[in-house]
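Below: the structure, in structure tokens.
Every read-out reported here was derived from the displayed coordinates using simple, explicitly stated rules and does not represent laboratory data. Quick caveat, the model's predicted, so the values are computed rather than measured. All Cβ positions, glycine included, derive from the backbone under ideal geometry; neighbour counts span all protein chains shown.
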Ligand SMILES: Cc1cc2nc3c(=O)[nH]c(=O)nc-3n(C[C@H](O)[C@H](O)[C@H](O)COP(=O)(O)OP(=O)(O)OC[C@H]3O[C@@H](n4cnc5c(N)ncnc54)[C@H](O)[C@@H]3O)c2cc1C
């Protein structure tokens, strides 16, 4: 009998709502297997759906005792919540929750709670926190992996909000990770947290809505669209705007061909935090360029991502290609326009791909503690959305993405290259910067997961 077929023995010890799916042709199995991206998607031996922390611990204990490899899945937006037929997926979809504690200004997130659910529950209680721009992204993995937020200058990164966690270790023990019990492990969870265990609960810091700089709990969001031919003058205006910290501007400068017309253009998707009346002043230089489209409105923070909901759709070959940058090089960005044109000419199935430059005019707020998160000095990112449909073009599209990195990193020395933690390509020292930080994380990994149950990251 294969190890996985013995899974049914486990069921008796789990709460009745739990499910164990093993029939790969079953409609439920097929549905739970769907991911945001089809890149490297595999079919597991089983999908196990716990409904509580208790169940999750029992499943990890069973897998550990039976030496069955496993991965966890929350929102399913990464390329890593997938495993082959020798392993199982612990899918947390049936286990989720949030409790907001207004007295302490904290929230406890449970299981697979999604970003939008966290934002909504917090706003109803009069709060917000450092959430990102994907409504359907799993909130716990987002916080654990660093968390580039909509509000970095007010809150810092997602990882900076982590106050404590419940973690199921490689041995199947349930550990309460706090500043008092395991300060070292807390350091690791704040940015490298997907590599130490299964996090069932995360306590995070929240902020009253007025900390957004207005009494409405809103953020201003706008879009300015230009033909690509105007990129030289637009990027010269943007170079100054992105570096002007008198206004809290942020956003993405995107080279894309949006549907339905598919006309290649430069879309500047903007955010502004503070008094919404001041937003048009902050973007005055863009309005003066007379874009084809210029719109903007104040949006409740919990709805700030709703306009991009289509981005959360499952399937196709998708990936965010993200690197940190130390400055904006206008000439380099203009070269990536030519590269993007070549890409869509050679791979028409990649028409949804956009090469994007992300900025924050103000630096991220630094927390009063050290952690695995090392990107507080980075205000600029190349933030490409890779999206294509033809499997035959997989390598080619990735090559174009890598070429765009090389162009944008033109001004940097290799030793200064910065990678974004949720991606797992490239040398680990680019994601966890600093010799001391990396040594500390590697030592933590050896202590808590020496055999690589939760990936070999930090062991190599
Ligand atoms: C549309 C979109 C928008 C995004 N926006 C942002 C953004 O604004 N800012 C930002 O920083 N990132 C952003 N990301 C990246 C995203 O935060 C990470 O990829 C995140 O890890 C995805 O979490 P998930 O639960 O959706 O994915 P999953 O694939 O379910 O999980 C991601 C990883 O975490 C592991 N994992 C799952 N649950 C747990 C758990 N409970 N404990 C420990 N490990 C677990 C999985 O095994 C996997 O390795 C975005 C991604 C997408 C696709």
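Please specify each residue of the range 432-449 satisfying the condition of being touching a residue at least 60 places away in the same chain (Cβ under 8 Å) and either in a loop (DSSP other than H, G, I, E, B) or more than 19 Å from residue 182 (Cβ to Cβ) (or both).
432, 434, 449
Can you go through 56, 52 and tell me which one is buried (at least 20 other Cβ atoms within 10 Å of the Cβ) and either within 12 Å of the ligand (Cβ to nearest atom) or without any contact (Cβ under 8 Å) to a residue 60 or more places away in the chain (or both)?
Working: 52 fails: buried (at least 20 other Cβ atoms within 10 Å of the Cβ).
So the residue among 56, 52 that is buried (at least 20 other Cβ atoms within 10 Å of the Cβ) and either within 12 Å of the ligand (Cβ to nearest atom) or without any contact (Cβ under 8 Å) to a residue 60 or more places away in the chain (or both) is 56.
Of everything in the range 142-175, what is part of a helix (DSSP H, G or I) and surrounded by fewer than 24 Cβ atoms within 10 Å (Cβ to Cβ)? Give them in sequence order.
Taking the range 142-175 and keeping what is part of a helix (DSSP H, G or I), we get 142-144, 152-155, 158-161.
Answer for the range 142-175, where residues must be part of a helix (DSSP H, G or I) and surrounded by fewer than 24 Cβ atoms within 10 Å (Cβ to Cβ): 153, 154.
Would you mention how many residues in the range 375-424 are within 16 Å of the chain's Cα centre (by Cα) and part of a helix (DSSP H, G or I)?
Number satisfying all stated conditions: 0.
Give the range 1-49 a look and list any residue that's closer than 15 Å to residue 68 by Cβ and in contact (Cβ under 8 Å) with a residue 60 or more places away in the chain, or say none.
Matches in the range 1-49: 3, 4, 6, 7.
State yes or no: is residue 175 over 18 Å from the mean Cα position of the chain (by Cα), more than 20 Å from residue 376 (Cβ to Cβ) and more than 8 Å from the ligand (Cβ to nearest atom)? Reasoning before the result, please.
Working: over 18 Å from the mean Cα position of the chain (by Cα): yes; more than 20 Å from residue 376 (Cβ to Cβ): yes; more than 8 Å from the ligand (Cβ to nearest atom): yes.
Answer is yes for this residue.
I need a count of the residues in the range 198-215 that are surrounded by 15 or more Cβ atoms within 10 Å (Cβ to Cβ) and either assigned to a loop (DSSP other than H, G, I, E, B) or more than 26 Å from the chain's Cα centre (by Cα) (or both).
The number of residues fulfilling the criteria is 3.
Quick one: count up the residues across the range 102-117 that are in contact (Cβ under 8 Å) with a residue 60 or more places away in the chain and within 11 Å of the ligand (Cβ to nearest atom). Walk me through how you get there before you give the answer.
At the first step, the residues of the range 102-117 found to be in contact (Cβ under 8 Å) with a residue 60 or more places away in the chain are 105-111, 115-116.
If we keep only those that are within 11 Å of the ligand (Cβ to nearest atom) as well, we get 109-111, 115.
Summing the residues that are in contact (Cβ under 8 Å) with a residue 60 or more places away in the chain and within 11 Å of the ligand (Cβ to nearest atom) in the range 102-117 gives 4.
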